[in-house]
1. In the stretch 112-147, how many residues are among the aromatic types (F, W, Y) and within 14 Å of I102 (Cα to Cα)?
2. Please find, among Y35, Y86, the residue that is among the hydroxyl-bearing types (S, T, Y), within 27 Å of A161 (Cα to Cα), open to solvent by 20 Å² or more (accessible area, probe 1.4 Å) and at pLDDT 95 or above.
3. Yes or no: the stretch 234-252 includes at least one residue that is in contact with a strand residue (DSSP E or B) (Cβ under 6 Å, 6 or more places away or on another chain), in a strand (DSSP E or B) and open to solvent by 50 Å² or more (accessible area, probe 1.4 Å).
4. Do you know which residues across the stretch 164-186 are over 14 Å from E139 (Cα atoms), open to solvent by 10 Å² or more (accessible area, probe 1.4 Å), assigned to a loop (DSSP other than H, G, I, E, B) and of a type outside the set (K, R)?
5. Evaluate the stretch 115-129: report whether one residue or more is outside any helix (DSSP H, G or I), open to solvent by 60 Å² or more (accessible area, probe 1.4 Å) and of a type in the set (A, V, I, L, M, F, W, C).
6. Exactly one condition in (1) under 18 Å from the mean Cα position of the chain (by Cα); (2) modelled with pLDDT of 95 or more is not met by P109; state its number.
7. So which residues in the stretch 187-207 are more than 16 Å from the chain's Cα centre (by Cα) and open to solvent by 30 Å² or more (accessible area, probe 1.4 Å)?
8. Which one of these is within 20 Å of S36 (Cα to Cα), at pLDDT 95 or above and either open to solvent by 30 Å² or more (accessible area, probe 1.4 Å) or outside any loop (DSSP other than H, G, I, E, B) (or both): R61, R136?
Amino acid sequence: MVATVETQNEVVRRSERVKSVDFHPSEPWVLLSLYSGSVCIWNYKSQAEEKSFKVADAPVRTSRFVPGKAWIVVGSDDKFLRVYDYGTGEKIKEFQAHEDYIRCLAIHPKLPYVVSVSDDKLMKVWDWEKDWDCVRVFEGHSHYVMGASFNPLQESSFASASLDGTIRIWDLDSSSPKFTLEAHQKGLNCVHYLARGNGTLCLISGSDDFTVKVWDYETKSCVQTLEGHSHNVTTICVHPEMPIVVTGSEDGTARVWDATNFTLLNTFDFSLGRIWGIGCIAGSKSVALACDEGATVAGMCHQL
């Protein structure tokens with residue numbers, strides 16, 4: 001029997017361009033980063049806006065909920081990181097973090113760390129328990145750093161993806177990369193870890209060469225190339241519970257792949273333009289997408 005994935009209970013919030021999405025860990029909220037320079041918290045069940053923050057007169061490309069805190073952390077093209085208390089609306093912290101656009105933020109699952117990556121080719125680790133002190137700077141990429149992802153099996157390790165065409169693996173205690181993968185024919189926009197049921201660990205990368213590649217972490221080899229997108233692959237989401245990987249592209253489609261054998265399960269076009277970000281969360285079958293013309297949250301029904 002062939003597995004398939006269908007969508008259900010789709011809700012749409014039309015707006016200006018949305019660059020990233022992030023689910024709240026317990027509330028029915030999605031955090032939207034807007035190219036217009038704002039962020040908003042959208043209740044996808046009531047379809048109402050809970051909170052909105054005007055951040056900067058520059059695009060916001062990335063924002064994340066901080067687990068265990070009533071905070072959001074926001075990175076924007078004005079090079080600043082800002083931290084807000086979404087309960088009170090107070091701005092807790094504001095500082096210049098980089099010398100160029102901030103592309104992505106990754107939150108450590110256990111430690112009080114946020115990794116920021118930038119067009120200045122650097123990655124920085126910020127410790128919110130030390131008043132957002134920068135505790136380490138990582139350099140080595142030769143072009144913009146577009147994405148970062150923490151290793152789910154090794155607390156001290158993370159991966160970065162760059163327009164220089166490489167993935168680099170880093171340890172939080174060292175400024176030198178553990179290893180580098182010459183990953184794609186063109187620049188990379190995203191990288192994500194996939195811990196498989198058989199105990200193996202993979203990296204999944206998306207590129208301007210229109211492909212998605214799957215890498216065996218131990219052998220450092222490409223084990224599969226996923227083709228089908230007709231434009232740059234901008235974002236990847238590995239669902240923490242469902243056996244699916246969702247990829248998004250500037251071709252306007254989201255493709256859902258089987259996380260076991262990487263066969264294509266379905267392709268969706270939500271008619272919201274280019275897709276810039278995808279989010280999912282444990283305990284929910286919903287997937288959120290950030291697009292040119294707004295955001296959508298859709299339930300993913302996995303059928304065998």
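The values are calculated or read from the model by the stated rules, or taken from the named source; none is laboratory data. As the structure is a computational prediction, the values presented were derived from the model and not from experiment. Glycine gets a Cβ as well: all are built from the backbone with ideal geometry, and neighbour counts include every protein chain shown. All accessible areas refer to the heavy atoms of the entire protein, side chains included, with ligands and DNA or RNA removed. Shrake-Rupley method; radii C 1.70, N 1.55, O 1.52, S 1.80 Å.
1. Number of matching residues: 2.
2. Working: Y86 fails: within 27 Å of A161 (Cα to Cα).
Criteria check complete, one pass: Y35.
3. No, the stretch 234-252 contains no residue that is in contact with a strand residue (DSSP E or B) (Cβ under 6 Å, 6 or more places away or on another chain), in a strand (DSSP E or B) and open to solvent by 50 Å² or more (accessible area, probe 1.4 Å).
4. H184, Q185
5. Just the residues of the stretch 115-129 that are outside any helix (DSSP H, G or I), to begin with: 115-127.
Those still in the list that are open to solvent by 60 Å² or more (accessible area, probe 1.4 Å) too: 121.
Narrowing the set further to residues that are of a type in the set (A, V, I, L, M, F, W, C) leaves none.
For the stretch 115-129, residues outside any helix (DSSP H, G or I), open to solvent by 60 Å² or more (accessible area, probe 1.4 Å) and of a type in the set (A, V, I, L, M, F, W, C): absent.
6. With respect to (1) under 18 Å from the mean Cα position of the chain (by Cα); (2) modelled with pLDDT of 95 or more, P109 is out only on (2).
7. A195, R196, G197, N198, G199, T200
8. Working: R136 fails: within 20 Å of S36 (Cα to Cα).
Result: R61 is the single residue among R61, R136 that is within 20 Å of S36 (Cα to Cα), at pLDDT 95 or above and either open to solvent by 30 Å² or more (accessible area, probe 1.4 Å) or outside any loop (DSSP other than H, G, I, E, B) (or both).
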